[in-house]
Amino acid sequence: METQAASDRVVSATEFSLDTIDIISPDHYQKNGYPHAEWTYLRKTRPVFYVDRPRVDPFWAITKAADIKEISVQPRLWLNGPRLAAFPLDEGADGPPPELPLKHLLNMDPPQHGEYRTILSRYFTPRSVRALEPEVANITAKILDDVMDREQCDFVTEISSKVPVAVIAEMLGVPRPDWPTLFRWTNEIIGGGDPEFQRGKDANETFAQARLEMFTYFTNLVEERRKHPTGDVTSIIANAKIDGAPLPALELLSYLLVLVVAGNETTRNATSGGLLALIENPEQFRRLKSDPTLIKSAVEEIVRWTSPVIQFTRTATSDTVVRGQKIRAGESVCLFYPSANRDEDVFDQPFKFDIGRNPNPHLAFGIGEHFCLGSNLARLELEVIFRELAKRLERAESAGPLERLRSSFVGGIKHMPIRYKLKPAAAA
């Protein structure tokens, strides 16, 4: 997550040793936030950089927006399937261990990816998602009302985490009493390497337990929806068919798992990082409060600024060249989206937080075949949340140090204490 301190560090950074530069250690992300200084150096000196470190499966780091675009629009040359992301080996090198597979949109390749994406694509169009706006607004208002009479709270656990998990749970048809459990599972699946969320001896054990519990839960819910179909997303997936046959159990349950995790983690962290950016740039918050028409461009800038998904990998199917560098078949590239979203060749003053930025061709939702299926839903949620905050939040300031997630995959803020004053909804 970007902070003013990180921005200052970028300005002052001049040189790193390519032998020791760190862009993948979860401890580095937890302690320092995003390594923007390091990415800036790599964009200038080694935009296609081979990372070969102890206990890291080697990969080529891609830090320029143009190269990430070029790779992302060639899904047959660059596969998702073999390797989802670049993880240190002691974090469970490639995510889940071999005996705990997942098969979902994020690690599917053509033509299977298109077949599975089509199942829900019409439910995530701008028009379909916009119909959810009244419900998202009601959820947001209720959450703000619950903390209105206080002067201090943890913005993450009491506000930003509650809106997206409520929305995705409603869409899936998960009963309200089960929402906290759903939230816990997402923390353990994404943040299993973080001591706060770890169950068992390591990230893999944490992931395995959360996956097993979530799969068991949704197996029961799917059986119910097959007997008694409804209009919720679980029912749609449970009764979907590809080539005339129901979805296999692994693909079906993996589909639901990734919807829960992606539908919660990214919007939550964009919301937390977005408010942090507004606190650290109060002139931009005043600007948003005085001009509500800026809400859409503000959301795009918040998404660019926070870039919640740090990286995905692609694996070459044949020898190829990226920016003059030969990459052999079977080698992996790691696409660093936050770096692309600070690319000096794309953005004017990339380290300035500007809610009126236009154009804003960020890559926070990806590009090409794997462009985020839920991007319209995420935008809607962020529009509603920040529209309500702009109306009702009279003032806000940090009330203590924030705590970041120990992860080099998703840029998360776990805790962000704030002091604030909220207006009642009627007064706003």
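The values are calculated or read from the model by the stated rules, or taken from the named source; none is laboratory data. This one's a predicted model, so the numbers in the text were calculated from it and none came from an experiment. FYI the Cβ positions are ideal-geometry reconstructions off the backbone, even for glycines, and counts take in every protein chain you see.
A compact table of results
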read-out	value
Residue among T313, T306 that alone is surrounded by 20 or more Cβ atoms within 10 Å (Cβ to Cβ) and within 17 Å of A277 (Cβ to Cβ)	T306
Residue in the stretch 147-169 that is surrounded by the fewest Cβ atoms within 10 Å (Cβ to Cβ), counting only those that are among the hydrophobic types (A, V, I, L, M, F, W, C) and farther than 16 Å from K423 by Cβ	A169
Residues of the stretch 120-146 satisfying the condition of being among the β-branched types (V, I, T), closer than 30 Å to K241 by Cβ and buried (at least 18 other Cβ atoms within 10 Å of the Cβ)	V129
Neighbours by Cβ (under 9 Å, 6+ apart or cross-chain): first from the stretch 185-205, on the phi > 0 side of the Ramachandran plot and free of Cβ contacts under 8 Å to residues at least 40 places away in the same chain; second surrounded by 15 or more Cβ atoms within 10 Å (Cβ to Cβ) and not hydroxyl-bearing (S, T, Y)	G200/G192; G200/A208; G200/Q209
Residue count, the stretch 371-386 (criterion: assigned to a loop (DSSP other than H, G, I, E, B) and in contact (Cβ under 8 Å) with a residue 12 or more places away in the chain)	3
Unmet criterion (only one of (1) over 25 Å from P308 (Cβ atoms); (2) surrounded by 18 or more Cβ atoms within 10 Å (Cβ to Cβ); (3) of a type in the set (S, T, N, Q)) for T206	(1)
Long-range neighbours under 9 Å by Cβ, at least six apart or interchain, first residue within 15 Å of V410 (Cβ to Cβ) and of a type in the set (K, R) within the stretch 26-38, second in a helix (DSSP H, G or I) and modelled with pLDDT of 95 or more	none
Filter result (among the β-branched types (V, I, T) and in contact with a strand residue (DSSP E or B) (Cβ under 6 Å, 6 or more places away or on another chain)) within the stretch 119-173	V147, V156
Listing of helices (runs of 4 or more DSSP H) fully contained in the stretch 8-104 that carry 1 or more residues being among the aliphatic types (A, V, I, L, M) and modelled with pLDDT of 80 or more	36-45, 65-72
Number of the condition not met by R395 [criteria: (1) in contact (Cβ under 8 Å) with a residue 60 or more places away in the chain; (2) out of contact with any Cys (no Cβ under 6 Å at 6 or more places or on another chain); (3) not in a helix (DSSP H, G or I)]	(1)
Qualifying residue in the stretch 354-370 (condition: assigned to a helix (DSSP H, G or I) and among the charged types (D, E, K, R))	yes
